[in-house]
Amino acid sequence: LQTLAFPDLGVYRIAGVVPLYFTLLWIALLLPVTLISDAVPKYNYAVCAVLSAVLFGAAEVIATPMQVWQPLFTEQAPLKMTANVAWYVLLAEMLLGVACLVGYRATQRTSYRVQLFTGMAIPVFYAGALGLSYLLLERIF
């Protein structure tokens with residue numbers, strides 16, 4: 001989408017773009033989101049979406065001044081943002097949290113192979129959610 005730039009810190013990049021340390025950031029945020037949401041007896045998918053928005057939003061507010069990434073936008077192509085958080089990313093991260101909860105619940109009593117493939121499918125879902133939410137929030141609305 002070319003909306004972010006990652007500084008070169010000498011770290012391996014996934015597909016040559018996203019630094020590997022981002023997987024640790026996602027895991028650190030998604031693990032408590034998934035476990036807390038799974039423990040909530042009622043409305044756990046809504047709790048998951050809200051908790052994802054809060055934790056990922058806070059992480060983005062904190063990470064931008066640390067120069068973990070730099071938003072790329074110009075006056076000709078502005079992004080809808082609040083406190084250094086792009087709205088389209090927050091929507092996709094909410095969906096990512098819900099996808100993790102769905103995957104966690106669906107594979108609790110399955111083989112490691114099924115869990116591995118489910119875990120590999122979730123980032124693909126997230127990439128699609130990013131693209132779709134970018135299209136909807138930045139280009140259509």
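The values are calculated or read from the model by the stated rules, or taken from the named source; none is laboratory data. Predicted model, so just to flag it, every value in this text is computed and none were measured. Here Cβ is always computed from backbone atoms with ideal geometry, including for glycine, and neighbour counts include all displayed protein chains. Side chains included, ligands, DNA and RNA excluded: accessible areas come from the protein's heavy atoms. Shrake-Rupley method; radii C 1.70, N 1.55, O 1.52, S 1.80 Å.
General observations
- Among residues of the range 86-113 being surrounded by 13 or more Cβ atoms within 10 Å (Cβ to Cβ) and among the β-branched types (Val, Ile, Thr), the one that is modelled with the lowest pLDDT is Val89.
- Of all the residues in the range 65-77, those that are open to solvent by 70 Å² or more (accessible area, probe 1.4 Å) and either at pLDDT 70 or above or within 16 Å of Gly131 (Cα to Cα) (or both) number 5.
- Residue satisfying all of: in the range 132-141; of a type outside the set (D, E, K, R) and more than 20 Å from Gly57 (Cβ to Cβ); least open to solvent (accessible area, probe 1.4 Å) among these: Leu135
- Residue among Val40, Val47, Val61, Val33 that is at pLDDT 90 or above, under 15 Å from the mean Cα position of the chain (by Cα) and β-branched (Val, Ile, Thr): Val33
- Whenever a residue of the range 28-42 is closer than 20 Å to Glu60 by Cβ and free of Cβ contacts under 8 Å to residues at least 40 places away in the same chain, it has no partner that is outside any helix (DSSP H, G or I) and not charged (D, E, K, R) lying with C-beta atoms less than 8 angstrom away and at least six residues away or across chains.
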